[in-house]
């Protein structure tokens with residue numbers, strides 16, 4: 001369905017787009033007629049199926065949502081209206097969101113360069129789709145809709161806001177340099193040795209196991225041993241909140257010179273401190289403390305890191321607040337786990353219903 005509309009340089013056109021991996025339509029902003037080379041744009045209606053020829057190879061198929069109808073797409077988009085009495089719209093929405101199906105369509109794209117491959121409308125229309133009886137389509141769509149509604153209704157408690165509120169209200173502040181001492185333990189790398197290696201997740205989500213470093217295969221002549229209870233951060237990814245406390249299981253593991261480590265003073269409760277590392281105020285300071293050209297080359301240098309301020313009451317208060325923060329962290333972790341399970345539920349249900357039809 002091509003509803004081509006002439007472009008006027010004095011008009012502004014609201015746009016709609018299709019997300020990759022069949023993740024739905026979205027408000028793509030607006031376009032002034034004077035700012036485009038296109039002489040025509042396509043008008044789309046709610047319920048239309050759209051995809052960009054150039055983005056089909058990564059699953060950019062979408063039905064236009066109700067609130068995004070009467071918008072425009074470029075001539076590079078293919079637009080279809082479902083007009084068959086044999087197809088139920090709700091069923092088709094789930095079918096096009098089912099990864100094995102949209103990948104089978106995406107595979108019909110042609111071109112020599114992967115990122116320049118196009119799915120022409122003729123090749124798209126030649127694709128086969130499983131189409132059971134209307135009653136079966138309605139039953140499948142109704143079940144999948146119920147599961148979708150269940151997974152999106154879980155929600156997540158705003159534990160981050162509660163944590164930030166607790167820490168924002170702590171009046172006493174200390175700099176990192178006043179509560180921790182730089183403690184680096186260099187170790188000369190030997191060709192015949194293997195060194196267990198750890199990394200840091202962003203947003204202060206802890207450390208993780210990396211592949212071990214083999215002395216004969218690394219460019220590093222020196223590595224640095226870390227110990228349980230130490231404060232550690234990544235110079236290169238500090239701006240993303242890559243900071244944490246070394247856990248017991250990583251005692252004696254190794255990192256490169258990009259990961260400074262600190263011994264935390266005894267007037268700091270580690271449970272409390274570990275939660276402070278997730279505080280919004282600290283992540284904002286880390287983002288502001290970066291230096292270097294280009295986002296991926298920005299670094300948080302040691303002197304900048306040591307000037308960061310954190311809320312630090314006396315030790316008894318740290319323990320009281322820390323106990324509350326740990327409870328919040330457990331709720332946050334459970335919510336994240338539940339969200340992961342919920343995200344897997346609908347794809348699994350689609351696979352159960354639709355795989356049997358192919």
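The values are calculated or read from the model by the stated rules, or taken from the named source; none is laboratory data. Note that the structure is a prediction, hence the values are computed from the model and not measured. Quick reminder, even Gly has a Cβ in these numbers, built from the backbone with ideal geometry, and neighbours come from all protein chains shown.
If you filter segment 89-105 down to residues that are over 28 Å from residue 40 (Cβ atoms) and touching a helix residue (DSSP H, G or I) at 6+ places or on another chain (Cβ under 6 Å), you find that the one that is surrounded by the fewest Cβ atoms within 10 Å (Cβ to Cβ) is 90.
In segment 54-74, of all residues being in a loop (DSSP other than H, G, I, E, B) and touching a helix residue (DSSP H, G or I) at 6+ places or on another chain (Cβ under 8 Å), the one that is farthest from residue 22 (Cα to Cα) corresponds to 54. Residues in segment 78-106 that are more than 17 Å from residue 50 (Cα to Cα) and under 28 Å from the mean Cα position of the chain (by Cα): 1 in all.
Within the set 286, 312, 326, the sole residue that is at pLDDT 95 or above, under 25 Å from residue 180 (Cα atoms) and touching a helix residue (DSSP H, G or I) at 6+ places or on another chain (Cβ under 8 Å) turns out to be 312. The one condition from (1) surrounded by 16 or more Cβ atoms within 10 Å (Cβ to Cβ); (2) within 23 Å of residue 131 (Cβ to Cβ) that residue 86 does not meet is (1).
Taking the conditions exactly as written (over 30 Å from residue 131 (Cβ atoms) and surrounded by fewer than 13 Cβ atoms within 10 Å (Cβ to Cβ)), does residue 308 satisfy them or not? Spelling it out, it is not the case that residue 308 is over 30 Å from residue 131 (Cβ atoms) and surrounded by fewer than 13 Cβ atoms within 10 Å (Cβ to Cβ).
If you filter segment 123-161 down to residues that are surrounded by 15 or more Cβ atoms within 10 Å (Cβ to Cβ) and more than 26 Å from residue 103 (Cβ to Cβ), you find that the one that is modelled with the lowest pLDDT is 159. Identification of strands (runs of 3 or more DSSP E) wholly contained in segment 116-215 with 1 or more residues that are under 30 Å from residue 336 (Cβ atoms) and under 29 Å from the mean Cα position of the chain (by Cα) yields 194-200, 207-214.
Whether any residue in segment 1-17 is within 30 Å of residue 132 (Cα to Cα), within 28 Å of the chain's Cα centre (by Cα) and not in a loop (DSSP other than H, G, I, E, B) is what I want to check. Yes, there is a match, as at least one residue in segment 1-17 is within 30 Å of residue 132 (Cα to Cα), within 28 Å of the chain's Cα centre (by Cα) and not in a loop (DSSP other than H, G, I, E, B).
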